[in-house]
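Enquirer: The structure under discussion is supplied below as structure tokens; questions concerning it will follow.
The values are calculated or read from the model by the stated rules, or taken from the named source; none is laboratory data. Keep in mind that what you see is a predicted model, and the values were worked out from it rather than measured. A quick note on method: Cβ atoms are made from the backbone with ideal geometry, for glycine too, and the neighbour counts reach across all protein chains shown. For accessibility, only protein heavy atoms count, side chains too; no ligands or nucleic acids. Shrake-Rupley method; radii C 1.70, N 1.55, O 1.52, S 1.80 Å.
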Amino acid sequence: MNAGSNNMEVRKVNKNRAFRYICRKERVSKPEIASALGVSVPTVLQLVNLLEEENLVLEAGECDSKGGRKARAVRPNWDAAYAVGLDITKNHIGLIYTNLSKQVLEHIRIYKTFRDTEDYYKEVTDTLKAFVREHKIPEDRITGVGISIPGIVDGKNNRIERSHVLNLYDVSCERFAKYLPYPAILINDANAAGRTEIDSERSSHNLIYLSLSNSVGGSVIMGDIYSGDHWRSGEFGHMIVAEQGGMCYCGKRGCFDVCCSALRLAGLAEGKLENFFQGLEDGNVLYQSAWEEYLSYLATMVENLHMVLDCDIILGGYVGGFMGPYLSDFQGRIAGNNIFGNTGAYVKTCKYQYEAAALGAALFFIEQFMREI
Ligand SMILES: [Zn+2]
């Protein structure tokens, strides 16, 4: 590599670092960027000029200052790029859109039973297009649609290897995206949801995401999503937690999926999980006993996973969204059983309940856009 191309490469890396720093701080002065990145102020001026030319960074008035000339602040243009997330489950579709802020800007969840038919894919596309129109998302800035799927997804070939829930085997993304006017990728639902829990403030992102929804799975994130050799990592649902437990569709007894599916709780409350937790709060004895059993299986799984990977464990999915009021007791239960004297603080609740998988799928395109800056 010659010196010229080397300099260009360094400038590109620094431009990317500057942009990510501005995004983290949300509003920041140029001298502060220079200090944080360890480069000179003139270099930062050049980098910010480039970012402004590309409409990625905007002026943001003057910074507070104790005497002397006030430094001018800049802020990220969150709306420089958008992405849409589509979560497909057996009986619903969820849609969200996000921008460079990586926040859910709007979301909808509607009842729609999955069918592997042209009509279904057309209807879903029409719903997505209406969502884009309704929220006036600039179409030319939509970088893509991330599609979250309950199943094993071959990320290299952008295809579903198998989905028991949707009864699909060896299906490419093309079938879902045939009518979409945007690029699309498939992503496993738990991996997508796990992605939303990565804390951009931390340098290392090691975590396990447990997806406690109607089917149970998870995601292993070691810096990035760890997919395994065959895209099957994090299939915690088929680890056995009750030797004499109920029969799982996989043919084994006592799988975590059988013991800790959200359906197990919702099934006691006319299929509505929120009714279950309301009843639990109101002192329903049957619910209390079911909840106690549920938590004992969950504790077994959480402790086993922590023994293997020694990292934060996020309780996510539909049940995870209701776990907040019970978290402290659950941490205490786990702390009592740990030979290393952990407090149980490594167990946390998820940031999002229903929108997580759709947001995480959309973040694939946002991250891709950020990488290319
Ligand atoms: Zn199983």
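Enquirer: Expressed in whole Å with the largest first, what are the equivalent ellipsoid semi-axes of the chain derived from the C-alpha gyration tensor as the square root of 5 times each eigenvalue?
Expert: Equivalent ellipsoid semi-axes, largest first: 40, 26, 20 Å.
Enquirer: What whole-number value in Å² describes the accessible area per residue of the chain for a 1.4 Å probe?
Expert: 49
Enquirer: Wrap a convex hull around the Cα atoms of the stretch 307-369, take a quarter of its surface area, and give that in square nanometres.
Expert: Averaged projected area of the stretch 307-369's Cα convex hull equals 5.4 nm².
Enquirer: Rounded to two decimals, what is the ratio between the C-alpha radius of gyration of the stretch 3-76 and 2.2 N^0.38 Å?
Expert: 1.10
Enquirer: Still on this structure: Principal axes first, then extents: for the Cα atoms of the stretch 200-349, list largest minus smallest coordinate on each axis, whole Å, largest first.
Expert: 43, 35, 30
Enquirer: Still on this structure, please answer the following. May I ask you to derive the relative contact order of the chain, considering only C-alpha pairs under 8 Å and at least 6 residues apart, and to give it as an integer percent?
Expert: 16
Enquirer: For Lys30, go through the lysines and keep the ones whose alpha-carbon is under 23 Å away, minus same-chain ones fewer than eight residues off.
Expert: Partners found: Lys12, Lys15, Lys66, Lys70.
Enquirer: Let me ask something else about it. Considering only DSSP states other than H, G, I, E and B, which chymotrypsin sites (Phe, Trp or Tyr not before Pro) in the stretch 130-205 qualify as loop sites with at most 15 other Cβ atoms within 10 Å?
Expert: Those satisfying the criteria are Tyr179.
Enquirer: Could you check the spin-label model distance between Lys122 and Ile110? Points 7 Å from the Cα along Cα→Cβ, value in nm.
Expert: Taking the simple label geometry, Lys122 and Ile110 are separated by 1.6 nm.
Enquirer: Can you give me the distance in nm between label points at Glu292 and Val41, each placed 7 Å from the Cα along the Cα-to-Cβ direction?
Expert: Taking the two extended label points, one gets 6.7 nm.
Enquirer: What do you get for the angle between helix 285-309 and the principal long axis of the chain? Use alpha-carbon atoms, 0 to 90 degrees, nearest ten.
Expert: Tilt relative to the chain: about 50 degrees.
Enquirer: In addition: Dipole of the chain (Lys/Arg Cβ +1, Asp/Glu Cβ -1, origin at the Cα centre): which of Cys63, Phe340, Asn167 lies farthest to the positive side?
Expert: Result: Cys63, furthest along the dipole toward the positive end.
Enquirer: Let me ask something additional. Of Lys25/Lys351; Lys102/Lys136; Lys252/Lys348; Lys156/Lys178; Lys112/Lys136; Lys129/Lys351, which pairs sit farther than 22 Å apart, going by alpha carbon to alpha carbon?
Expert: Result: Lys252/Lys348; Lys112/Lys136; Lys129/Lys351 exceed 22 Å.
Enquirer: Next question. Any idea what angle helix 3-25 forms with the longest principal axis of the chain, computed on alpha-carbon atoms, 0 to 90 degrees, nearest 10?
Expert: 60
Enquirer: Could I ask something else about it? What's the magnitude of the charge dipole for the chain around its Cα centre, counting Lys and Arg as +1 and Asp and Glu as -1 at the beta-carbon? Answer in Debye, nearest 20.
Expert: Dipole magnitude for the chain comes out near 980 debye.
Enquirer: Okay, moving on. GNM on the chain, C-alpha springs below 10 Å: top fluctuator among Gly336, Gly316, Gly344?
Expert: Greatest mean-square fluctuation among the candidates belongs to Gly336.
Enquirer: Mind listing the phi-derived Karplus ³J(HN,Hα) values for the stretch 243-254, rounded to whole Hz, using 6.51, -1.76 and 1.60 with θ = phi - 60°, and x for any glycine or proline?
Expert: 4, 9, x, x, 7, 9, 5, 7, x, 9, 9, x
Enquirer: Run through all the Cα pairs of the stretch 264-313 and give the fraction in each 10 Å bin from 0, expressed as whole percent.
Expert: Bins of 10 Å from zero give 26, 38, 25, 12 percent of pairs.
Enquirer: Here's a follow-up. Can you give the % of DSSP beta bridges in the stretch 200-349 that are antiparallel, to the nearest 5?
Expert: Of those bridges, close to 60 percent are antiparallel.
Enquirer: Tell me the carbon and sulfur percent of the accessible area for the stretch 200-349, rounded to whole percent, probe radius 1.4 Å.
Expert: 49
Enquirer: Out of Ala190, Thr113, Gly217, whose Cα points farthest toward the positive end of the dipole of the chain (charges: +1 Lys, Arg; -1 Asp, Glu; placed on Cβ)?
Expert: My answer, from the dipole projection, is Ala190.
Enquirer: Still on this structure: Check Thr349: other-chain or 5+ apart residues with amide H under 5 Å from its amide H, H built from backbone geometry?
Expert: Amide H to amide H, under 5 Å and 5 or more residues apart or across chains, Thr349 pairs with Leu315.
Enquirer: If you roll a 1.4 angstrom probe over the protein chains with everything in place, what fraction of the accessible area of the stretch 3-76 belongs to carbon and sulfur, to the nearest %?
Expert: Percent of accessible area from carbon and sulfur atoms in the stretch 3-76: 48.
Enquirer: Karplus couplings for the stretch 88-94 from phi (6.51 cos²θ - 1.76 cosθ + 1.60, θ = phi - 60°), rounded to Hz, Gly and Pro as x?
Expert: For the stretch 88-94, the Karplus-derived couplings read 9, 10, 4, 10, 9, 10, x Hz, x marking Gly and Pro.
Enquirer: Give the accessible area for Lys348 in Å² (nearest 10); use a 1.4 Å probe, count only protein heavy atoms, and leave out ligands, DNA and RNA.
Expert: We get 80 Å² for Lys348.
Enquirer: I'd like the Kirkwood hydrodynamic radius of the stretch 58-164, using the inverse of the mean 1/r over distinct C-alpha pairs, in Å.
Expert: 16.5
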